[in-house]
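Working notes, structure below.
The values are calculated or read from the model by the stated rules, or taken from the named source; none is laboratory data. Note that the structure is predicted; figures quoted are calculated from it, not measured. All Cβ positions, even for glycine, are placed from backbone atoms using ideal geometry, and neighbour counts span all protein chains on display. The area values use the complete protein model at the heavy-atom level, side chains included, leaving out ligands, DNA and RNA. Shrake-Rupley method; radii C 1.70, N 1.55, O 1.52, S 1.80 Å.
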Amino acid sequence: MRTYIYTMSKLIILVTFMVIPIFGSAQEEKIVNRIPTDSTQNNLNMDAVYDRPFLKFKKVPVAIGGYLEANSIYSSTDGVSEGLSFQARRFTMFMSASIYNRIKFLAELEFEDGTKEIGIEFAAMDITLFPLLNFRGGIVMNPIGGFNQNHDGPKWEFIERPDEAVQMLPATWSNVGFGLYGKTHFGNWIAGYEVYLTNGFDDSVIDNELNKTYLPAAKLNRNRFEESNNGIPLISGKVAIKNRKIGELGFSYMGGVYNTFKMEGLIVDSKRRLDVFSIDFNSTIKKSGTYFDGEASYILIDVPNTYTQQYGNQQFGAFIDIVQPIIRRKILDWENASLNIAARFDYVDWNIGTFNESNTNIGDQRISITPAISFRPSSQTVLRLNYRYSWDTDIFFNEKSRSASIMFGFSTYF
Amino acid sequence: MVFVLVTITYGCKKIMPSEPSEAEVLDGPIDGLTTAQLIQFNKGDADFGEVFTSATGLGPIFVANQCASCHAGDGKGTPFVQFTRFGQSDTLGNTFLNFGGPQLQHKAIPGYTPEQLPLGAPKTSLIAPAVTGLGFLDAVEDAFLLALADPFDLDGDGISGRVHYNVIPSYVALRPNSIPKNGKYICRFGKKGGAYDLLHQTSGAYNQDMGITSLFEPIDVYSGQEIDPEVGTQTIHDVVFYLKTLKAPIPRNQQDSDVIAGKNLFNDINCAKCHTPSMQTGYSPIAPLSYKEFHPYTDLLLHDMGSELNDGYTEGFALASEWKTPALWGLGLSKMSQGGQYYLMHDGRALSIEQAIQMHGGEASQSRSLYNQLIENQKNQLIKFLESL
């Protein structure tokens, strides 16, 4: 992983240096072209990696882009507040290149929380054989749910990412591997599929300091970019269908053996699987402009029954966003500005089931609501004011904590 | 913009969750600690919440992976995190030490087989008690407990009560003015009162409950061999300090007339003969614990509770029918850590205070009969009093 980052950062520095002089004179000579995002509505969540604003420079065969998210936050848990802080959540850079006819490349590098976490989210080569048959290899985004594929900050009205996607599913979750995807459309309908084999999870999903089955724990294992921890690939796949008048609906699956069952040729445990099923949708009511986006996932995981029930063998989570534009017109100098109100509902149950000892229900749940106001000078920049309130229970269903936060921030492509 | 932001955030304190009142929660330090002591308290608090993983030494066999998973919110545990102790039925010692006794580690990290209960072993189940106010109990001098004891029932009230003289590990430091007898010392922690002090109890908990070895308890429960410490010595001291300085539960509704009437009944029907309302600490190096009167509702003595509570298992020199009187402070807050339901007595078998009282036998049978003679309203007053603790 280190070496990846190294080479990548070198590359980026190189490109930046090539680009700066061009920028300097960009105004007069129009060397920089903004490639707007595809607005033909032929896009599915799976297209999100390429469906972003890119800057293209004449004579330079690469296009670059990126986004930045920062915010202030005032939060309080059970009446105890840490005061006001400022967060540089993430800075992401991506660049794409058409290498040759039908062959393109895109890489995305992300710095989270300053430089605390640096990762390659995506770095893959795509070869188009037919529209319905494309090959993709490298570090790919596992197509589970909609958020994992389509998570760029400026696309959302909320500063926090959905709990279901980042506290239960491991968004943003990418791995080394390869696979196929394709898309077709007929009339108002667009359909697409994706299927990949990649490296995957490890034992930390049921052995971590959060004391709960936690798929995101596997993200800390940077070795997964180097080798699989058990030699069995993770399969992930998605089918999505969209009607331009109605909306998009996706079904996805991801599963495989997650544990290290063999060490130096020695069988040390039985093979244990985890399987994730997701459904996602998004839709806009034409008349009112109301936009809905949501996702629900269910996880089934083989936890040894001689292990602590602190780690659940089933999980469920869902979120739904509702966004209502209330003003959409020219504001100041911004032609297509909009002001929106929005709300998100989050729910996660990290441990579905009952205790063997008492046959009572296991808790470990969180419910949150987030009302929001957002202002978009253009579709690529958003200023957002969020208020989030959440209720947590521990595994015994004791009220663990109530927290609230007020966040104000922005997210913008550049 | 910044101005708007600041106004919004500070103006919005109202829409932030409020702090539960101090009397409603068990967590929090005793009053009067120095800054340095508060810092150590916070460290111990964090360590008490540390989740052990296989990477940090959990198991390979264990019962739970975190102090706080059994002692949720510093309160009582539930049957989910109960554990089984086995192997001893009389005062002649544990005969199953070579078979994994005294504690059953019935969980294991993946790939390992947990311990099985050996056939024919005497056993009991225990749920976690609250760990609040223990510093006060720890600072009570031996002489105070001996004065409460009446091993031969000389006063003829049917209630004897004796201190638990037990053998102690070499690593504990004796408390001031300790009164040993034949090389044994007065022990006071644990449901059979078998542990001498909080260091003894804590090192034992790391080892037996979580499979974590330390300088004090270096033998790995799985291999039976001495291994490197998996938890630092300083960490253990911090946790012990945390336990010592965790505040005593604060009683609520003390002015309520039913509560006052209930308190009188509690004395009248002899509950207070074991659940001693007031105690006095001796000297403690932690100033706020020194020479203080406090109200735990326990005498820290062993009582024969009759066949009702005799599981046929024991520890140290206690009898199988003997249990240490549990403190009743915080009783009304137990449900908060037990998922909204009472689980009382050593294994949580009583699902209400009323049921708990009905299970009192042996030395407490007379007190139970007196309770049963109360009229409904008086019973309610008594229970209201107990819930106010």
I'd like the residue in the stretch B:84-130 that is more than 10 Å from chain A (Cβ to nearest Cβ) and of a type in the set (Phe, Trp, Tyr) and, out of all such residues, is nearest to B:ILE219 (Cα to Cα). B:PHE99
Consider the stretch A:162-179. How many of its residues are of a type in the set (A, V, I, L, M, F, W, C) and open to solvent by 10 Å² or more (accessible area, probe 1.4 Å)? 3
Can you find a residue that is on the phi < 0 side of the Ramachandran plot, modelled with pLDDT under 95, of a type in the set (S, T, N, Q) and within 21 Å of the chain's Cα centre (by Cα) anywhere in the stretch B:324-331? no
Which of the residues spanning the stretch B:63-116 are buried (at least 24 other Cβ atoms within 10 Å of the Cβ) and among the acidic types (Asp, Glu)? B:ASP74
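Per-residue answers, yes or no, for (1) closer than 30 Å to B:PHE152 by Cβ; (2) part of a loop (DSSP other than H, G, I, E, B); (3) in the same structural domain as B:ARG368 (by TED's automatic domain parsing); (4) more than 19 Å from the chain's Cα centre (by Cα):
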| site | (1), (2), (3), (4) |
| --- | --- |
| B:ILE250 | no, yes, no, no |
| B:GLY262 | no, no, yes, yes |
| B:HIS275 | yes, yes, yes, no |
| B:TYR297 | yes, yes, yes, no |
Would you point out the residue of the stretch A:49-83, among those that are in contact with a Gly (Cβ under 9 Å, 6 or more places away or on another chain) and within 26 Å of A:GLY192 (Cα to Cα), that is farthest from the other protein chains (Cβ to nearest Cβ)? A:PHE54
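Looking at the structure I just gave you, is A:THR360 within 19 Å of A:ARG402 (Cα to Cα), surrounded by 14 or more Cβ atoms within 10 Å (Cβ to Cβ) and out of contact with any His (no Cβ under 8 Å at 6 or more places or on another chain)?
Values: within 19 Å of A:ARG402 (Cα to Cα): no; surrounded by 14 or more Cβ atoms within 10 Å (Cβ to Cβ): yes; out of contact with any His (no Cβ under 8 Å at 6 or more places or on another chain): yes.
In short, no.
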All-but-one check, B:ASP31 against (1) at pLDDT 90 or above; (2) surrounded by fewer than 15 Cβ atoms within 10 Å (Cβ to Cβ); (3) assigned to a helix (DSSP H, G or I), failing number (3)
Would you confirm, using the coordinates I've provided, whether B:LEU389 is buried (at least 21 other Cβ atoms within 10 Å of the Cβ), part of a helix (DSSP H, G or I) and either at pLDDT 95 or above or not β-branched (Val, Ile, Thr) (or both)? no
Just need a number here: residues in the stretch B:70-104 that are part of a helix (DSSP H, G or I) and of a type in the set (A, V, I, L, M, F, W, C). 6
Given the structure, is B:VAL25 within 18 Å of the chain's Cα centre (by Cα), surrounded by fewer than 21 Cβ atoms within 10 Å (Cβ to Cβ) and either more than 22 Å from B:LEU246 (Cα to Cα) or not assigned by TED's automatic domain parsing to the domain that holds B:THR202 (or both)? yes
Applying the selection to the stretch B:47-83, what residues are within 9 Å of chain A (Cβ to nearest Cβ) and among the charged types (D, E, K, R)? B:GLU50
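Quick check: is even one residue across the stretch B:217-239 closer than 21 Å to B:GLY75 by Cβ and in a helix (DSSP H, G or I)? Quick ask: steps written out before the conclusion?
Going residue by residue through the stretch B:217-239, those that are closer than 21 Å to B:GLY75 by Cβ are B:238-239.
Filter again for in a helix (DSSP H, G or I), leaving B:238-239.
Yes, the stretch B:217-239 has at least one match.
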A:SER76 being crowded, with 19+ Cβ neighbours inside 10 Å, small (Gly, Ala, Ser) and over 19 Å from the mean Cα position of the chain (by Cα): yes
Tell me yes or no: at least one residue of the stretch A:364-375 is acidic (Asp, Glu), over 22 Å from A:ILE73 (Cβ atoms) and within 11 Å of another protein chain (Cβ to nearest Cβ). no
Does the stretch A:180-211 hold any residues that are away from every other protein chain (no Cβ under 13 Å), crowded, with 22+ Cβ neighbours inside 10 Å and in a loop (DSSP other than H, G, I, E, B), and which are they? A:ASN199, A:GLY200, A:PHE201
Which numbered condition A:ALA343 misses (of (1) surrounded by fewer than 20 Cβ atoms within 10 Å (Cβ to Cβ); (2) at the interface with another protein chain (Cβ under 9 Å from one of its Cβ atoms)): (2)
How many residues does the stretch B:43-55 hold that are more than 20 Å from the chain's Cα centre (by Cα) and of a type outside the set (Phe, Trp, Tyr)? 5
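Determine which member of the set A:THR128, A:THR115 is over 24 Å from A:ALA404 (Cα atoms), free of Cβ contacts under 8 Å to residues at least 12 places away in the same chain and of a type in the set (Val, Ile, Thr). Don't jump to the end; show me each part of the working.
On the way: A:THR128 fails: free of Cβ contacts under 8 Å to residues at least 12 places away in the same chain.
Going through A:THR128, A:THR115 in turn, the sole match is A:THR115.
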For the stretch A:253-308: of the residues being away from chain B (no Cβ under 14 Å) and in contact with a Leu (Cβ under 6 Å, 6 or more places away or on another chain), which is surrounded by the fewest Cβ atoms within 10 Å (Cβ to Cβ)? A:ASP275
Do the conditions hold for B:LEU333, that is, is it in a loop (DSSP other than H, G, I, E, B), in contact (Cβ under 8 Å) with a residue 12 or more places away in the chain, of a type outside the set (Gly, Ala, Ser) and not assigned by TED's automatic domain parsing to the domain that holds B:PRO129? no
Tally time: how many residues in the stretch A:390-414 are aromatic (Phe, Trp, Tyr), closer than 30 Å to A:GLY66 by Cα and either within 9 Å of chain B (Cβ to nearest Cβ) or part of a loop (DSSP other than H, G, I, E, B) (or both)? 2
Positions within the stretch B:335-358 being open to solvent by 30 Å² or more (accessible area, probe 1.4 Å), within 16 Å of B:GLN82 (Cβ to Cβ) and more than 14 Å from chain A (Cβ to nearest Cβ), in sequence order: B:MET345
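Would it be correct to say that A:ASN351 is polar (S, T, N, Q) and either open to solvent by 10 Å² or more (accessible area, probe 1.4 Å) or within 9 Å of another protein chain (Cβ to nearest Cβ) (or both)? Explain how you work it out, then say what you get.
Working: polar (S, T, N, Q): yes; either open to solvent by 10 Å² or more (accessible area, probe 1.4 Å) or within 9 Å of another protein chain (Cβ to nearest Cβ) (or both): no.
The answer is no for A:ASN351.
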Check off (1) surrounded by 15 or more Cβ atoms within 10 Å (Cβ to Cβ); (2) at pLDDT 95 or above for A:PRO371 and give me the number that stays unchecked. (1)
Positions within the stretch A:122-134 being assigned to a strand (DSSP E or B) and either at pLDDT below 90 or not charged (D, E, K, R) (or both), in sequence order: A:PHE122, A:ALA123, A:ALA124, A:MET125, A:ILE127, A:THR128, A:LEU129, A:PHE130, A:LEU133, A:ASN134
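If only one of A:SER25, A:SER9 is surrounded by fewer than 18 Cβ atoms within 10 Å (Cβ to Cβ) and either at pLDDT 65 or above or within 30 Å of A:LEU180 (Cα to Cα) (or both), which one is it?
Details: A:SER25 fails: either at pLDDT 65 or above or within 30 Å of A:LEU180 (Cα to Cα) (or both).
Matching residue, one of A:SER25, A:SER9: A:SER9.
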Quick check on my filter: what residues within the stretch A:376-389 are out of contact with any Gly (no Cβ under 9 Å at 6 or more places or on another chain), away from every other protein chain (no Cβ under 12 Å) and among the basic types (Lys, Arg)? A:ARG376
